[in-house]
1. Set the Förster distance to 41 Å, then compute FRET efficiency between Lys149 and Cys231 from the Cβ-Cβ distance, nearest 0.05.
2. In a shell of Cβ-Cβ distance under 12 Å around Asp166, excluding Asp166 itself, what net charge do Lys and Arg (+1) and Asp and Glu (-1) give?
3. Would you kindly derive the ³J(HN,Hα) couplings of the range 165-171 from the backbone phi angles with the Karplus curve 6.51 cos²θ - 1.76 cosθ + 1.60 (θ = phi - 60°), listing them in order in whole Hz, with x for Gly and Pro?
4. Residue-wise, which Karplus ³J(HN,Hα) couplings in Hz belong to the range 218-232, taking 6.51 cos²θ - 1.76 cosθ + 1.60, θ = phi - 60°, and x for glycine or proline?
5. Suppose R0 equals 35 Å. What FRET efficiency, 1/(1 + (r/R0)^6) with r the Cβ-Cβ distance, do Ser158 and Asp45 give to the nearest 0.05?
6. Which ³J(HN,Hα) values in Hz, rounded to whole numbers, follow from the phi angles of the range 194-210 under the Karplus curve 6.51 cos²θ - 1.76 cosθ + 1.60, where θ = phi - 60° and Gly and Pro get x?
7. When Lys and Arg each count +1 and Asp and Glu each count -1, what net charge do the other residues less than 15 Å away from Phe82, Cβ to Cβ, add up to?
8. Give me, ordered by chain and number, the residues 5 or more places off Cys48 or on other chains with an amide H under 5 Å from its own placed amide H.
Amino acid sequence: MKIISISFVLMLFMSCISTSYFQIYQVERSNVSPADNSSDLTFEDSNCKIIYNIWSKGGKTGFTFENKTDSDIYIKLNKSHFILNGFAYDYYQNRTYTNSQSSAVSASAAVNNLNINKNQVNGKSVTAGLSSGYSVSITEDSVLCIPSKSMKSISEFSLRNERILDCDLSKYPQRIQTKLFDAEKTPLSFSNRLTYELNGVVVRVNNEFYVSSITNCSYDEFYDVGYMSTCGKKNSYPTKTFKYYSPSKFYVEYNYGNY
C-alpha cells in the first residue's frame, strides 16, 4: 500500500508541475477620435479599411487591407514599418523564396534518353542518371498591389512570447487576476506605419495600439468545454473553446516551474 500511495502522490505532483497558466492581454487603439467608441481594432478612411485580429498565442499583428476604391492601391512595403515599444522593424526585407521540385527517373529512361555529351535527360539535369528536378526562386517585391474592390492579408510579426512579470499579478493564480494600464504606463505599445499610393497620391497611415490590461489565469479558467452544434444537431463529443476570445486580445502560455 505504501508503494501505491507514493506513486499516487508522485503522479499528483507531476500533474501539478505540468499545469499550464495563461497571461491574457487586452489591446486598445490609442490614436482614435473621442467620437469613435468602437471596441474593435479597425481603421478606415475614404480609400481603405484596415482590420486587425490579433487573437493567437504570442499575438499576431497581421492585418487585412481592403481597397474600397475603383483603382488599384499600392502598399510600399519598403516605406512601411512595424514598431514595438519604440523599435522599428521593416516590412520589406528583400528576401528570396525558393520552391524546389524533383522527380525520379528510372534507370531505363535514363539510358534511353541520356545525352552523353550534355548529361541531360529530356532537357533536365540528371544526378547519377536516376533523378531530375528544378527550383523556382521568387524575390520579394517592395510594393504590394491591392486590386480595386478587393483585399489582401499581411502577416509578419508577433508581439510577445513570454509573460510580463508584475508584482501585482500572481504567477500561479488561484483565481483570475487583472491589472489595468493607460496609454502612458502600458508595458507594451505597438503601431503599424503604412505607406500606400493611390492614383499617384501617397498616403501615410499610422495605426497605434497599447495593452490596456493583463490578466493571469489557470488552464481551467482559460478554456470552456461544451458540446457544439453542426447543422442544427448537437455533437456527441465535447469541444474545447477559448473563453476569452476576442480580436483585440492575445495570450501567452507558460507552465508551472517556468520563469
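1. Numbers: r = 32 Å, r/R0 = 0.79.
Using R0 = 41 Å, I get an efficiency of 0.80.
2. Working: positive: Arg163, Lys171, Lys179, Lys185; negative: Asp168.
Around Asp166, the charge tally is +3.
3. 3J(HN,Hα) across the range 165-171, in whole Hz: 7, 8, 5, 8, 10, 5, 5.
4. With the stated coefficients, the range 218-232 comes to 7, 4, 5, 7, 6, 10, 10, 10, x, 10, 7, 10, 10, 6, x Hz.
5. Values: r = 26 Å, r/R0 = 0.76.
Step by step, r from the Cβ atoms, then E = 0.85.
6. Here the 3J(HN,Hα) series is 10, 10, 9, 10, 9, 6, x, 9, 8, 10, 10, 10, 10, 9, 10, 9, 8 Hz.
7. Numbers: positive: Lys60, Lys76, Lys79, Arg160, Arg193, Arg204; negative: Asp90, Glu156, Glu208.
Result for the local shell: +3.
8. Long-range HN contacts for Cys48: Lys68.
Every number in this text was worked out from the coordinates using simple rules, so none of it is lab data. Because the structure is a prediction, the values reported are computed rather than measured. Note that each Cβ is placed from the backbone with ideal geometry, even for glycine, and that neighbours are counted across all protein chains shown.
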